[in-house]
Amino acid sequence: MGGHRGYQSTRWMIMLLGLALVGCPDPRQTGYSAAETSAVPVAATVTPTADGLVQNAVPYDICADLANWVRPAPEVQQQTLQQDPRYSNDLETEPLRTLSEQFWTQPVITFTTYGLSARLEPMNLSGVWTATDQIEPCYTGDRPLAINQGDWAEVWIIGHRLSGLEWSNGQYQLTVEPASKGLQVVQFERQEAQAVLTVVATTSGGEPVPAISGDW
């Protein structure tokens, strides 16, 4: 048991370190101007900005759009985690406590790999476990292989709705609009080969939206 807990603690520490290293880039440094999209998937286009930067619309697929989904009530989330042997003994200790708080509050979570075990922490700690059946169709066919080969990536958008996705100045720029509820699973064609995605999310009015990236 001690060895298992030590392994889990090390895994959570690695995940937490990844969050700390990625952080949330400052949208003021991007030269970003939002572009609207009316349908998905989106055809790639190239748009020069006033300062000379080139923005490429990134093709994407909203494979799950749960407009009425909300995170479970905090007491339900806490009880569910406490009843899970994977978490029950460590919920109030670091690094799991901080990791849990971050996944529970973040509206934008990105992924560069797919695997059932790799998705356990993001899914369980964010509350997305209540939507497992609804998002399962996102992982049929060859899409999981395309994600693991680095051709596609994925982002979960919680309590917001995607209105644009572009590649500009070496980073992905998401435009999202606040919503009172909702979960979108968006898969998109990668424009780079980085181990961790560099993502900036803002509203159309330029307000920053927290986003976390990692190889979970």
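The values are calculated or read from the model by the stated rules, or taken from the named source; none is laboratory data. Small disclaimer: the values here were computed from a predicted structure and weren't measured. Ideal geometry is used to build each Cβ from the backbone, glycine not excepted, and the neighbour counts take in all protein chains shown.
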Within the range 112-130, does at least one residue satisfy the condition of being more than 19 Å from residue 66 (Cβ to Cβ), of a type in the set (S, T, N, Q) and without any contact (Cβ under 8 Å) to a residue 60 or more places away in the chain? yes
Among the residues listed as 43, 20, the single one being outside any loop (DSSP other than H, G, I, E, B), at pLDDT below 50, of a type in the set (A, V, I, L, M, F, W, C) and exposed (fewer than 15 other Cβ atoms within 10 Å of the Cβ): 20
Cβ contacts < 7 Å: first residue closer than 22 Å to residue 187 by Cβ, restricted to the range 62-90; second residue in a strand (DSSP E or B) and among the polar types (S, T, N, Q), any location; separation 6+ or different chain. Result? 62/184; 63/187; 64/184; 65/184
Under 23 Å from residue 207 (Cα atoms), surrounded by 15 or more Cβ atoms within 10 Å (Cβ to Cβ) and either more than 15 Å from the chain's Cα centre (by Cα) or not hydrophobic (A, V, I, L, M, F, W, C) (or both): which single residue out of 67, 57 fits that description? 57
Before we move on, is residue 98 under 24 Å from residue 191 (Cα atoms) and polar (S, T, N, Q)? no
Among the residues of the range 135-155, what is the count of those that are in contact (Cβ under 8 Å) with a residue 24 or more places away in the chain and under 17 Å from the mean Cα position of the chain (by Cα)? 13
Select, from 209, 196, 200, the only residue that is touching a strand residue (DSSP E or B) at 6+ places or on another chain (Cβ under 8 Å), among the hydrophobic types (A, V, I, L, M, F, W, C) and closer than 21 Å to residue 68 by Cβ. 209
How many residues of the range 169-208 are surrounded by 21 or more Cβ atoms within 10 Å (Cβ to Cβ) and among the polar types (S, T, N, Q)? The answer is 4
